[in-house]
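Below: one structure, written as structure tokens.
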Amino acid sequence: MARRRKGLPIHGWIVLDKPDGMTSTSAVAAVKRRTGAAKAGHAGTLDPFATGILPVALGEATKTVPYLQEGEKRYRFTVRWGVATETDDRDGAAIAKSDARPGRADIEAVLDRFVGDISQVPPAFSAIRIGGRRAYDLARTGDAPVMVPRTVSIADLRLAGVPDSENAVFEAVCGKGTYVRALARDMAAQLGTVGHLVALRRTRVGPFGEEHAISLDELGENMQCAAALTHLHSVETALDDIPALAVTEMEAGRLRNGQAISLLRKADLDRIAEFENGDTVLAMADGKPVALARYTAGEVQPVRVLNL
């Protein structure tokens, strides 16, 4: 007999403003305690020293995490020139130094090299799995992992300020899998110096921005559900980029049972006019999400059923 999950059936998103010094896993656990939700997860890890938007999925929203992770992310970060660290951020030990300090014109001249689809070597201190182990676990034991370059997408990168000769502030819009620490490291190399991140703030993940964020203090103490749930965003909020498909209650019932529905009748043409083969759609019945589904040649097959 399956063990019944402890906690409340709460479904939706809490957009947490993660504080400095807390891991993403600890932040999710704190939100789970404060809401009393039975299930929780997050859409995109933030390093402990980083702050900002950490979308926390509760209940059925956890099924939509992969879709939110595909969305663009915005960051504001500060690079300190002249010192490289083993982690590419302020938490690591210094491993190299340089007297070179790039000026504003030098920095602006290299930015375009990091916009678009670029090759990036992830930091050795990262959560990427190598042979079944996390890269950071290997790095901490002194067994330096071989990090394989991969293609990442940076839609925009701009210099936001140069407060002094030691530091430069940037803003970036990145795709999935981009490491801002690696971006800082590689920009420094292009500028003939070394560098590391001393500040990193994520300001947006997909549809969730700083205007939606709430701190742990604002969520209240343990199990203060009423306060926490006033900040709950609906499950479908994270799926703004996915086209909606209105279905009848009978069709919704089939999708909930894992069965496909056929939309080949003439009366269905308006419903499927905007869809192309292979599209992911969000089936909705009476204003509530039913399932994430795939449309193929007039048939809609459920991929993830949402039990709301």
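The values are calculated or read from the model by the stated rules, or taken from the named source; none is laboratory data. These numbers come from a predicted model, not from an experiment. As a convention, Cβ positions derive from the backbone with ideal geometry for all residues, glycine included, and neighbour counts pool all protein chains shown.
A few points about this structure:
- Pairs meeting the criteria (first residue in region 155-168 and closer than 14 Å to G195 by Cβ, second residue of a type in the set (D, E) and part of a strand (DSSP E or B), beta carbons under 9 Å, at least 6 apart or on different chains) are L159/E171.
- Filtering region 42-56 to residues that are touching a helix residue (DSSP H, G or I) at 6+ places or on another chain (Cβ under 8 Å) and modelled with pLDDT of 95 or more leaves G52, I53, L54, P55, V56.
- Test for L263: is it surrounded by 16 or more Cβ atoms within 10 Å (Cβ to Cβ) and either modelled with pLDDT of 90 or more or on the phi > 0 side of the Ramachandran plot (or both): no
- Summed over region 144-158, the residues that are at pLDDT 95 or above and surrounded by fewer than 17 Cβ atoms within 10 Å (Cβ to Cβ) give a count of 5.
- Taken over region 57-111, the criterion of being over 22 Å from the mean Cα position of the chain (by Cα), of a type in the set (S, T, Y) and surrounded by 20 or more Cβ atoms within 10 Å (Cβ to Cβ) is satisfied by T85 alone.
- Selection from region 288-304 of residues that are surrounded by 20 or more Cβ atoms within 10 Å (Cβ to Cβ) and free of Cβ contacts under 8 Å to residues at least 40 places away in the same chain: A291
- Leading residue by the ranking (modelled with the lowest pLDDT) among those in region 159-191 that are within 24 Å of the chain's Cα centre (by Cα) and small (G, A, S): G177
- Conditions (1) assigned to a loop (DSSP other than H, G, I, E, B); (2) at pLDDT below 95; number of the one not met by Y136: (1)
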